[in-house]
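The values are calculated or read from the model by the stated rules, or taken from the named source; none is laboratory data. Here the structure is a predicted model, which is why all the values come from computation and not from measurement. Positions of Cβ are backbone-derived with ideal geometry, glycine not excepted, and every protein chain shown enters the neighbour counts.
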Amino acid sequence: MRMFKHYVPQMIAKHVSRLFRGRIYIDGRGGYEFQNGQLLVPIKAQQHHFQTVKEINSEIRRLKEYA
């Protein structure tokens with residue numbers, strides 16, 4: 001499990017896209033799992049979870065376009 005002290009979508013997207021499967025924790029945002037290089041919505045998700053997943057997954061797509 002990787003822990004991020006700051007919410008920086010670009011840095012988190014790089015980590016998720018490199019490992020493809022695992023778990024992360026973001027201070028102030030909570031814990032997340034990712035599979036196949038995409039962040040998944042937690043089971044008991046709140047609005048900020050959906051927003052975080054959307055931002056990071058869009059950043060992952062952007063990284064894949066330039067690769």
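Side notes on the structure shown:
- Each residue in region 36-55 was checked for being touching a Pro at 6+ places or on another chain (Cβ under 7 Å) and closer than 19 Å to LEU19 by Cα, and 1 pass.
- Summed over region 17-45, residues that are aliphatic (A, V, I, L, M), within 20 Å of LYS64 (Cβ to Cβ) and at pLDDT below 95 total 1.
- Answer residue from region 21-67, given it is in a helix (DSSP H, G or I) and acidic (Asp, Glu) and is surrounded by the most Cβ atoms within 10 Å (Cβ to Cβ) among those: GLU59
- Residue, nearest to PHE4 (Cα to Cα), within region 46-67, restricted to residues that are of a type in the set (A, V, I, L, M, F, W, C) and at pLDDT below 95: LEU63
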